[in-house]
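Data first, discussion second: the structure below is written as structure tokens.
The values are calculated or read from the model by the stated rules, or taken from the named source; none is laboratory data. Just so we're clear, the structure is a prediction, and the values are computed from it rather than from any experiment. Virtual Cβ from ideal backbone geometry, glycine too; neighbours counted across all protein chains shown. For the accessible areas, the whole protein counts, side chains as well, though only heavy atoms, and no ligand, DNA or RNA atoms are used. Shrake-Rupley method; radii C 1.70, N 1.55, O 1.52, S 1.80 Å.
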Amino acid sequence: MQLSGVIVTLITAATCVSAWPRPPAKRALGGVLLCQGANATGVCHYEVYSLNECHEVPQALYQNTRTFAPDNDDFYCWPRVGLCSDICTSPTGCTFGGAFYYANPNKYDLAKISWDKSLVSFDCHKNITTPTV
């Protein structure tokens, strides 16, 4: 009887441990988290994107993205209002006016800069720093 109790306890413990959330993946060059909600909530999509290439957001996030969070400071992204194939004809440009870095204070809520209903595509590039002499 005691042996069966021990076995049940071990199975229960193993089940609980397997249900724990996995640790987040290591931050990657080109990794971007996109979510419908602010602060990485709602429907989300994470992918490591190739650099120097335009990417369209997944359909569920098309003009419906509040979180746009690049993984680290080794690269930056240019969010865009048009599809990758579109030619920008706006006199004010087709981005919100600057590159998006890891440390951008608005990355977890694009509504703060009125971009939550604008994001359609983006491209990312590796940071190139100039060595100091």
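Ordered by packing density, taken as the mean number of other Cβ atoms within 10 Å over each peptide's residues, highest first, how do 64-74, 106-116 rank?
Values: 64-74: 20.4, 106-116: 16.5.
Taking the mean over residues of other Cβ atoms within 10 Å, the ranking is 64-74, 106-116.
Roughly to the nearest percent, how much of the accessible area of the range 55-133 is carbon and sulfur, given a 1.4 Å probe?
Working: 2350 of 4480 Å².
Carbon and sulfur: 53 percent of the exposed surface of the range 55-133.
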